[in-house]
1. Please report the net charge: other residues with Cβ closer than 13 Å to the Cβ of residue 22, K and R +1, D and E -1.
2. Within the range 68-83, whose backbone N sits under 11 Å from a point 7 Å along Cα→Cβ of residue 130?
3. Could you grab the Rg to Rh ratio for the range 58-111? Cα atoms only, Kirkwood for Rh.
4. Could you sort the peptides 74-87, 25-38 by per-residue average Cβ neighbour count (10 Å cutoff), highest mean leading?
Amino acid sequence: DEDGMEPSSGVSSRGRQWMATVAREINQAETAFVWPAREPSTAADDGGDVDGGPSPPRYEIRFYTCTGVEVDLCGHATLAAASTLLGPGGHRVVAFGANNGELLRAALGARANGRGAPGDGTGGALRISLSFPWKDVTALERDEFDLVTGSVLPRAFAGASSGNNSWFKIKQTDFFVRHALMIGTTDTREDLFVELSEEGFDLLG
């Protein structure tokens, strides 16, 4: 077709050009496009349901930036897609086939306030757990850890939290010092992986 794709390639029937155009119009950092996979999930490739039941439904997922460029992975866009498919009246577990061949999984977890069952509408925010490709992470040395918690992360997160934005601006100077349990990076030092305390995670929400 005009995008140079075979029908069996696993790409949306609307094509790459359409997804790129829509992503530019939406003008968010990344936009996720999701559609049912042609090949269903199997227990062999996704490990089955979290409770040992049948394999979850599988969807294809692709990510495009606001400039119309396709990228292999975006955590926030995956979370947004999962929140649409999971929850009241939806699935409990879904599997996503990404462009780079990775299989991502999303599952409902316990509520933030510990009350009720996932998706029952009894109060408390739903928690969704995501599985992403594994990367070996090396913990930062103490001097780098202190630099990241005291300067780098506060600057990166200032104004970015949704629920407690004004609170975070006031407390940002010591938030990560108090709540960062571990900070690591990959061999290529492209990403920071931050493990927060449960209290810190809830405060950021």
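1. Taking every other residue near residue 22 into account, the sum is +1.
2. 73-83
3. Rounded to two decimals, Rg/Rh equals 1.00.
4. Taking the mean over residues of other Cβ atoms within 10 Å, the ranking is 74-87, 25-38.
Every number here is computed from the coordinates shown, using simple stated rules; none is lab data. Keep in mind the model is a prediction, meaning the values are calculated, not measured. A quick note on method: Cβ atoms are made from the backbone with ideal geometry, for glycine too, and the neighbour counts reach across all protein chains shown.
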